[in-house]
Amino acid sequence: MGWFGRGRRGISWRDQTLDSLSPPPPPLMVFFGLLIMLVYFATSSEQKERIERRRTGFRFGTLLLPVAVVLFVNLTMLRRRMLWYNFGAPRPVYQVVAKEEGGSASGLLLVLVLLLVMVHFQSSFQSAWFRLFYH
């Protein structure tokens, strides 16, 4: 029956625990602070290097993406031409006109690559050619 009673029995275990707690000594806090800071700087530099590598790979991929699309379209059209040639189907009118005019996708690919190179190096060309305007 003593469990349900509200009688005061002395200091509780919580009060004793809170009274016995004290902050850690300052040298230990400084040591852990320096340790955490050094670990942060070590992982931070690795993280920055990893991000830079991924960014470079992404730029290279975006540079090659239009070339891959043009190559895919060119190969698809080549495959269709081969099928038409092998099965003797008549060519569509637009192919007959394009063959007479001499149009090809290689010229378009060359212009696209030149345009991408010019856009990529735009800032270095501007700084080299127009130094008078930046001062």
**Complete:** Just one listed residue, out of Met37, Met29, is modelled with pLDDT of 90 or more, of a type in the set (A, V, I, L, M) and surrounded by 11 or more Cβ atoms within 10 Å (Cβ to Cβ), and it is Met29
**Item:** Subset of segment 21-66 that is part of a helix (DSSP H, G or I) and among the hydroxyl-bearing types (Ser, Thr, Tyr) - its residue that is farthest from the chain's Cα centre (by Cα)
**Value:** Tyr40
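The values are calculated or read from the model by the stated rules, or taken from the named source; none is laboratory data. The structure displayed is predicted, hence computed values, not measured ones. Neighbour counts are summed over all protein chains in view; Cβ atoms, including those assigned to glycine, are modelled from backbone coordinates with ideal geometry.
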